[in-house]
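Heads up: the structure comes next, in structure tokens.
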Amino acid sequence: MHASRFRLTKQRRVILEELSSMRSHPTAFEVYEAVRSRIPDISLGTVYRNLGLLSSRGVIKKLEVAGHKTRFDANTEKHYHVRCMFCGRIDDVPLKGITIDSETIARETGYKVLGERIEFYGICPDCLEKDGGNT
Ligand SMILES: [Zn+2]
Ligand SMILES: [Zn+2]
């Protein structure tokens, strides 16, 4: 039996393309603004719905943080994030050569590991400059 094919409509394709070109882990509204330059009559609701659909299919990743707007990531490869506690911005963490894999954790703890949630947080360079400068 074949898995049901995921239909990539034009809207969905443009949303995916725009999100893929953004490394900033944008909010739905930011994706909407980018998509609107190519599909002027698209609605925020449509963008929102499609982002939800794409993430439920595992095509993109949804980054939910309590107290902050949901952000989206087209990079579904395993990687870690660092989040700014002030502006909510999320960046990728370059972990060169360091892997924290569930097999190792399972071996070390005896747990059956079902998932992981590793998050780094702090103050981003922009916010540091705004708040911490000597000017
Ligand atoms: Zn910040
Ligand atoms: Zn990311």
Subset tally (residues that are surrounded by 11 or more Cβ atoms within 10 Å (Cβ to Cβ) and modelled with pLDDT of 85 or more) for segment 94-112: 2
Matching option when the condition is more than 16 Å from ligand 1 (Cβ to nearest atom), within 24 Å of ARG7 (Cα to Cα) and not hydrophobic (A, V, I, L, M, F, W, C), among PRO26, PRO40, PRO94: PRO40
Criterion violated by PHE120 - all others in (1) part of a loop (DSSP other than H, G, I, E, B); (2) loosely packed, with under 13 Cβ neighbours inside 10 Å; (3) modelled with pLDDT of 85 or more; (4) within 16 Å of ligand 2 (Cβ to nearest atom) satisfied: (1)
Search result, residues across segment 60-99 that are without any contact (Cβ under 8 Å) to a residue 40 or more places away in the chain, more than 15 Å from HIS25 (Cα to Cα) and in contact with a Lys or Arg (Cβ under 9 Å, 6 or more places away or on another chain): THR99
Number of the exception - VAL82 against (1) under 26 Å from LYS130 (Cβ atoms); (2) part of a helix (DSSP H, G or I); (3) of a type in the set (A, V, I, L, M): (2)
Any chance ARG38 is assigned to a loop (DSSP other than H, G, I, E, B), touching a helix residue (DSSP H, G or I) at 6+ places or on another chain (Cβ under 8 Å), modelled with pLDDT of 90 or more and more than 25 Å from GLY115 (Cα to Cα): yes
Subset of segment 15-53 (residues that are more than 16 Å from ligand 2 (Cβ to nearest atom), aliphatic (A, V, I, L, M) and surrounded by fewer than 19 Cβ atoms within 10 Å (Cβ to Cβ)): ALA34, ILE39, ILE42, LEU44, LEU53
Flag if THR9 is under 30 Å from ASP131 (Cβ atoms), modelled with pLDDT under 95, polar (S, T, N, Q) and not assigned by TED's automatic domain parsing to the domain that holds ASP131: no
Meets criteria (within 16 Å of ligand 1 (Cβ to nearest atom) and assigned by TED's automatic domain parsing to the domain that holds CYS127) for VAL113: no
Options HIS79, HIS68, HIS2; residue that is under 17 Å from GLU119 (Cβ atoms) and either loosely packed, with under 13 Cβ neighbours inside 10 Å or at pLDDT 95 or above (or both): HIS79
Residue within segment 124-135 that is of a type outside the set (D, E, K, R), loosely packed, with under 13 Cβ neighbours inside 10 Å and closer than 19 Å to ARG12 by Cα present: no
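The values are calculated or read from the model by the stated rules, or taken from the named source; none is laboratory data. In this text the structure is predicted, and so the values were computed from the model without any measurement. Virtual Cβ from ideal backbone geometry, glycine too; neighbours counted across all protein chains shown.
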